[in-house]
Amino acid sequence: MRTRVPASVRRIFARRVSWVYAAAIFVVGSLIGVGFFTFGYANGFAYLSNDPQACVNCHVMRSEYDGWMKSSHGKVAVCNDCHAPHNVVDKYYTKALNGWNHGFAFTTGRYPQNIQMTERNRQITEHACLSCHQQITENIRAVRSEHGQQISCISCHRNVGHM
């Protein structure tokens with residue numbers, strides 16, 4: 001046996017559903033709007049390029065940029081050469097992930113004054129060193145005898161790219 005729902009109850013339910021949809025559309029639209037505003041305000045398109053000037057949009061990167069300009073790498077490599085994978089998909093995934101992390105940390109004030117690399121970014125940089133300097137490094141890769149691990153290029157050459 002089917003129970004008939006009175007028309008007045010159906011109208012009330014329909015109004016509530018339409019309010020839920022309207023609220024959801026408002027929230028999603030607001031988030032998208034704030035995202036576009038933030039991307040534009042932060043000059044987000046600059047981060048899609050290879051221009052090292054994009055790295056100093058954020059004032060906490062000034063010392064890294066100045067050190068890079070004075071280093072030997074400042075004449076032959078840009079930030080992406082060392083800090084982003086060399087294939088397109090991984091490069092822009094890394095840039096998006098780092099951009100999100102940097103933006104969140106900067107916006108919330110939760111970034112260290114002495115910027116630290118994540119393990120993922122350390123591996124990307126290590127791979128870039130080995131890729132660019134393959135002829136030099138292929139015969140001299142050192143191994144730590146106690147752990148059987150290869151020694152990282154940046155464990156000895158930490159300041160090469162940024163003095």
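Between 66, 90, which is loosely packed, with under 15 Cβ neighbours inside 10 Å and either within 14 Å of residue 160 (Cα to Cα) or of a type in the set (Lys, Arg) (or both)?
Numbers: 90 fails: either within 14 Å of residue 160 (Cα to Cα) or of a type in the set (Lys, Arg) (or both).
The conditions single out 66.
With respect to the conditions (1) surrounded by 14 or more Cβ atoms within 10 Å (Cβ to Cβ); (2) charged (D, E, K, R); (3) at pLDDT below 85, residue 95 lacks only one, and its number is (3).
The condition (being surrounded by 13 or more Cβ atoms within 10 Å (Cβ to Cβ) and not in a loop (DSSP other than H, G, I, E, B)) is satisfied by just one residue among 47, 111: 47.
Being of a type outside the set (Asp, Glu) and modelled with pLDDT under 80 is the filter; apply it to segment 117-144 and report the residue that is nearest to residue 95 (Cα to Cα).
In the first step, residues of segment 117-144 are kept if they are of a type outside the set (Asp, Glu); the result is 117-118, 120-125, 127-137, 139-144.
Filter once more, keeping what is modelled with pLDDT under 80: 137, 139-144.
Details: 137: 27, 139: 32, 140: 31, 141: 29, 142: 30, 143: 31, 144: 32 Å.
Among those residues, the one meeting the criterion is 137.
When residue 77 is tested against the conditions (1) modelled with pLDDT of 90 or more; (2) open to solvent by 30 Å² or more (accessible area, probe 1.4 Å); (3) under 14 Å from residue 160 (Cα atoms), the lone failure is (2). Is it the case that residue 85 is over 18 Å from residue 152 (Cβ atoms), not hydroxyl-bearing (Ser, Thr, Tyr) and not in a helix (DSSP H, G or I)? Against the criterion (over 18 Å from residue 152 (Cβ atoms), not hydroxyl-bearing (Ser, Thr, Tyr) and not in a helix (DSSP H, G or I)), residue 85 does not qualify.
Checked against (1) within 16 Å of the chain's Cα centre (by Cα); (2) surrounded by fewer than 17 Cβ atoms within 10 Å (Cβ to Cβ), residue 84 passes all but condition (2). Looking across segment 98-108, the residues that are exposed (fewer than 12 other Cβ atoms within 10 Å of the Cβ) and either modelled with pLDDT under 85 or touching a strand residue (DSSP E or B) at 6+ places or on another chain (Cβ under 7 Å) (or both) come down to 100, 104, 107.
The values are calculated or read from the model by the stated rules, or taken from the named source; none is laboratory data. Computed from a predicted model, the values in this text were never measured in an experiment. Cβ atoms come from the backbone with ideal geometry, glycine included; neighbour counts cover every protein chain shown. What goes into the accessible areas is simple: the full protein's heavy atoms, side chains included, and nothing from ligands, DNA or RNA. Shrake-Rupley method; radii C 1.70, N 1.55, O 1.52, S 1.80 Å.
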